[in-house]
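Derivation of every value follows stated rules applied to the coordinates shown; laboratory data play no part. All of these numbers come straight from a predicted model, not from anything done at the bench. Positions of Cβ are generated from backbone atoms using ideal geometry, with glycine treated the same way; all protein chains shown enter the neighbour counts.
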Amino acid sequence: MKERDAARKNYWASKLPHYFTPYKELHYTLASMIRKSKMEFFNGLTNTHRMDKDIPDSLKLPNKINNYFISFSKAADLTPSANNEIDSEVIAATEEFSFVKTFTSEIYKSISNLKTLALGVDKIEINMIKLCTPYCIPVIKHIINHSFQSYTFPTTWKQSKIIPLGKVSHPTEFKHLRPISILPVMSKIIERIVHTRLSNYLNANKLLYNRQDSDLLQTC
């Protein structure tokens, strides 16, 4: 870059044609190097979540894995247990819950605190959003506030990508796999904001069950 600047200085000082050629060559060489570095940088940011390398090729069958996970969830007994009852005391809230509009600094904090590098079905990575924060926050704020006002959640943000990971070192059967659900990063941004709203409301109105685990106040 210093050589390019020196060549440009010589050309502008003399205006002689033979000074322009080395400047032009250095200018295009540097531009090419910068462009290549940017591509390598962004390709690194958008590195996709890879399937566990320990899973053998015989198990890398998406349709069969999907059917196994579905059958496993259907077989689960989701009926509430009678032995898991809590006190039936009803606590009346002093005020009705409603979503308050989000604001720029809150969205910025939500984005900044996200550390995940996993890509959802939209293939948007959090680092890309962080790089574009000044430009994309107004759009994100509009979408979230519309979601609050209409009491709806964007359909595409509900879709998750299921990644099979091994439960054991060397899986040989489908039962040795466990599903990991990766939601779009945008859903995680609004999740944090909704979590803050609900936590503040429950605490302010003392609606939390006194035996509730402390993990209720945490979010992913």
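If we count other beta carbons within 10 Å of each Cβ, what is the order of THR104, THR155, fewest first?
The fewest-first ordering by Cβ neighbours comes to THR155, THR104.
Starting from the amide H of LEU117, placed 1.01 Å from N in the peptide plane, find each other amide H under 5 Å away whose residue is 5 or more places distant or on another chain.
Those qualifying (amide H under 5 Å, at least 5 residues apart or on another chain) number zero.
Under a crude label model (7 Å from the Cα following the beta-carbon direction), how far is ASN67 from PHE153 in nanometres?
3.0
What number in nm² do you get for segment 118-180 if you take the convex hull of its Cα atoms and divide its surface by four?
Numbers: hull surface 24.8 nm².
Directional mean of the projected Cα hull area for segment 118-180 stands at 6.2 nm².
Can you give me the long-range amide H partners of LEU165? Hydrogens built in the peptide plane at 1.01 Å from N, cutoff under 5 Å, separation of 5 or more residues or another chain.
For LEU165, the qualifying residues are ARG178, ILE180.
How high is the FRET efficiency from HIS195 to SER169, r the C-beta distance, R0 35 Å, rounded to 0.05?
Result of the calculation: an efficiency of 0.50.
Determine the alpha carbon to alpha carbon distance for each of LYS36/LYS130; LYS130/LYS206; LYS36/LYS141; LYS15/LYS36 and list only those over 24 Å.
The pairs that break the limit, which is 24 Å between Cα atoms, are LYS130/LYS206; LYS36/LYS141; LYS15/LYS36.
Just tell me which lysines come within less than 25 Å, Cα to Cα, of LYS167; anything on the same chain fewer than 8 places away is out.
LYS53, LYS60, LYS64, LYS74, LYS115, LYS175
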